[in-house]
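Have a look at the structure below, then the notes.
Bear in mind these aren't lab numbers, they're just calculated from the coordinates by the rules spelled out. What you are looking at is a predicted structure, and each value in this text was computed from that prediction instead of being measured. Because the Cβ atoms are built from the backbone with ideal geometry, glycine has one as well, and the counts that use them run over all protein chains shown.
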């Protein structure tokens, strides 16, 4: 079974802090994704990566950056956290190919005070 | 832009009832996915389908490619089915998925 592990289930940070969310997958998947999930808005793509050191902006990249130095690890960085970044963050990975499911981590509920 | 629309947004059912959740999409897809999210956050994939019908236990998913519509059915619903059900589509171009906003299901004993 694919395992996607997010480093924290709950995180509380202060406005202006630099925040790192880590995600690790154990199935050698090429594609990894970061989403945020807000009530009434569903999942929105922040960034995705299709290979090591490669990244593409999603629908809402502003205020975020990502890092993929190793194939199994995809990090989301909030450069200067703001209260409107309080949300549930979900990481996913997927094998290359057109008809492949995404595998999700358990999510990180991030609160910015 | 809403590439994927789900209905209803919220659904409350009595234990044992037959439940249907609907999903319509407006883009060309390589596959449609039904996902389940329990309170606490983790999302699991229930079905991935590109044609016809799939069944797993009490869950049935169907898709009509011509009408760009899919349904998720739950037979003999149970309180443990209470969750958010999310419809998503994967497209031929690029790596992105498009997600519906989810249907929150509560099954009352």
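Taking only the Cα atoms of the protein assembly as shown, how large is their convex hull per residue, in Å³?
118
How large are Rg and Dmax for chain B when calculated on the C-alpha trace, in angstrom?
In Å, with Rg to one decimal and Dmax whole: 13.4, 44.
Need one number: the % of Cα-Cα pairs in the stretch A:1-105 sitting beyond the 23 Å mark.
21
Please find the FRET efficiency linking residue B:66 to residue A:59, where r is the Cβ-Cβ separation and R0 is fixed at 45 Å, and quote it to the nearest 0.05.
Efficiency, rounded to the nearest 0.05: 0.95.
What FRET efficiency would be calculated for the residue pair residue B:17, residue B:54, taking the C-beta separation as r and a Förster radius of 22 Å, to the nearest 0.05?
E(calc), rounded to 0.05, equals 0.55.
In whole angstrom, how far apart do the alpha carbon centroids of the stretch B:59-109 and the stretch A:55-73 sit?
Rounded to whole Å, the Cα centres lie 27 Å apart.
Exposure proxy check: B:104, A:75 ranked by fewest other beta carbons within 10 Å?
B:104, A:75
Report, as an integer, the average count of C-beta atoms from other chains found within 10 Å of each Cβ along B:39-51.
Per residue, the average neighbour count from other chains is 4.
In which sequence would B:107, A:4, A:52 go, from the one with the fewest C-beta neighbours within 10 Å to the one with the most?
A:52, B:107, A:4
Fewest Cβ neighbours within 10 Å first, please rank A:21, A:43, B:59 accordingly.
Sorted ascending by nearby Cβ count, the order is B:59, A:21, A:43.
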